[in-house]
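> Have a look at this one before I ask anything.
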């Protein structure tokens, strides 16, 4: 089988490529150039979009003994991921750019180009597992290492994409992967994991958005209001700098009347208002997801089903009931949480699981709080 191995420059993708090559496949390593000016994205070992990462990926390919190329997808990445990130924050929502990158870049643009070039599959260093179900459909399951499981950000993959995807690390722990990398002589064996958002150079989302949005920003300041009393507690420099559940950086001039900490409850870009309240007001018991993508499951079979859902990339699982799936193709899905979850924001993803199997993913459009 001819396989494209996506190599980010980290230890996981290097070991994944090595395993696929060792299994006897015809493997070509590719590194995705996601910025025309890599220095404008993250530097050092914190991201996956740097010159250092490209060099690390090339050296790993040399050790493995496979051809290596760099693919420039910077324009598509900017249009599909960076612009989406800015638009979502400007609208008062909280996006997940890693999920969008997997959907639009790694398993859409890369896979389509690979298939057109005669490759059979794309292999990545994601921690997830692919299996064939009893009905013949390809299923995605959680990784053995639940602490590293990345099925949440892969929940957007459809049946066709899963059929051409390889996740060689799904049955291993991170400790095992690092030990294997060292044994193979890969210099990235001890390289720190990437984290935060790769295109925000210093991790300061609000500052980055302020600079990049400019006049596209819906506002450049407004009041921070106590949701219960309507009292103005402070001022902000733009609603795009906040997310539901945020506590730090509120710049509240004086404490609320009850003296308790305040958290962001609502973001209103049009009125330039940020509403805050106590932690218990963040509790959500029901949510709606739109534009779902199903991993082979027929949406109609979900109505009334008890499932588990994950609401953040590294969050806990929550028991839930699928209340309704609207439309013949499942264009909306309503989920009732059996135990309330805190700080859930529109723009995030709800990923539905049946035990370890990913059923599908949808973008949260609305939530209902516990009264």
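The values are calculated or read from the model by the stated rules, or taken from the named source; none is laboratory data. Everything numeric here is computed off the predicted structure, so don't read it as measured data. In this analysis, Cβ positions are derived from the backbone assuming ideal geometry, glycine residues included, and neighbour counts consider all displayed protein chains.
> Does residue 326 meet the test of being under 24 Å from residue 143 (Cβ atoms) and surrounded by fewer than 17 Cβ atoms within 10 Å (Cβ to Cβ)?
Working: under 24 Å from residue 143 (Cβ atoms): no; surrounded by fewer than 17 Cβ atoms within 10 Å (Cβ to Cβ): yes.
No: the conditions fail for residue 326.
> When you check residue 325 against the structure, is it in contact with a helix residue (DSSP H, G or I) (Cβ under 9 Å, 6 or more places away or on another chain), outside the structural domain of residue 235 (by TED's automatic domain parsing) and under 24 Å from residue 160 (Cβ atoms), yes or no? Steps first, answer last, please.
Working: in contact with a helix residue (DSSP H, G or I) (Cβ under 9 Å, 6 or more places away or on another chain): yes; outside the structural domain of residue 235 (by TED's automatic domain parsing): yes; under 24 Å from residue 160 (Cβ atoms): yes.
Against the criterion (in contact with a helix residue (DSSP H, G or I) (Cβ under 9 Å, 6 or more places away or on another chain), outside the structural domain of residue 235 (by TED's automatic domain parsing) and under 24 Å from residue 160 (Cβ atoms)), residue 325 qualifies.
> If you take just the strands (runs of 3 or more DSSP E) that sit entirely in the range 183-286, which of them hold at least 1 residues that are within 21 Å of residue 90 (Cα to Cα), over 26 Å from the mean Cα position of the chain (by Cα) and in contact (Cβ under 8 Å) with a residue 40 or more places away in the chain?
On the way: elements: 222-226, 232-236, 263-268, 273-277.
Result: 222-226, 273-277.
> Given the options 291, 303, 334, 354, name the one that is in contact (Cβ under 8 Å) with a residue 60 or more places away in the chain and over 18 Å from residue 245 (Cα atoms). Break it down into steps so the answer makes sense when it comes.
Working: 303 fails: in contact (Cβ under 8 Å) with a residue 60 or more places away in the chain; 334 fails: in contact (Cβ under 8 Å) with a residue 60 or more places away in the chain; 354 fails: in contact (Cβ under 8 Å) with a residue 60 or more places away in the chain.
Only one candidate passes the filter, namely 291.
> Being at pLDDT 95 or above and over 25 Å from residue 319 (Cβ atoms) is the filter here; which residues of the range 244-275 pass it?
Answer for the range 244-275, where residues must be at pLDDT 95 or above and over 25 Å from residue 319 (Cβ atoms): 264, 266, 267, 268, 269, 270, 271, 272, 273, 274, 275.
> Against the definition (in the same structural domain as residue 351 (by TED's automatic domain parsing), within 30 Å of residue 164 (Cα to Cα) and not in a helix (DSSP H, G or I)), how does residue 300 come out, yes or no?
Values: in the same structural domain as residue 351 (by TED's automatic domain parsing): yes; within 30 Å of residue 164 (Cα to Cα): yes; not in a helix (DSSP H, G or I): no.
So residue 300 fails the test.
> Return yes or no: is residue 344 within 19 Å of residue 140 (Cβ to Cβ) and either in contact with a strand residue (DSSP E or B) (Cβ under 7 Å, 6 or more places away or on another chain) or surrounded by fewer than 21 Cβ atoms within 10 Å (Cβ to Cβ) (or both)?
Working: within 19 Å of residue 140 (Cβ to Cβ): no; either in contact with a strand residue (DSSP E or B) (Cβ under 7 Å, 6 or more places away or on another chain) or surrounded by fewer than 21 Cβ atoms within 10 Å (Cβ to Cβ) (or both): yes.
Against the criterion (within 19 Å of residue 140 (Cβ to Cβ) and either in contact with a strand residue (DSSP E or B) (Cβ under 7 Å, 6 or more places away or on another chain) or surrounded by fewer than 21 Cβ atoms within 10 Å (Cβ to Cβ) (or both)), residue 344 does not qualify.
> Further question on the same structure: Looking only at the range 167-182, count every residue that is surrounded by 14 or more Cβ atoms within 10 Å (Cβ to Cβ) and part of a loop (DSSP other than H, G, I, E, B) and tell me the total.
6
> Of all residues in the range 126-166, count the ones that are closer than 25 Å to residue 109 by Cβ and surrounded by fewer than 16 Cβ atoms within 10 Å (Cβ to Cβ).
The qualifying residues number 4.
> Now, a different point. Quick one: count up the residues across the range 51-69 that are surrounded by 22 or more Cβ atoms within 10 Å (Cβ to Cβ) and either at pLDDT below 75 or under 30 Å from residue 204 (Cα atoms) (or both). Give the steps one after another, and end with the answer.
So in the range 51-69, the residues surrounded by 22 or more Cβ atoms within 10 Å (Cβ to Cβ) come out as 53, 56-57, 60-61, 64.
After this cut, where a residue has to be either at pLDDT below 75 or under 30 Å from residue 204 (Cα atoms) (or both) as well, the list is 53, 56-57.
Result for the range 51-69: 3.
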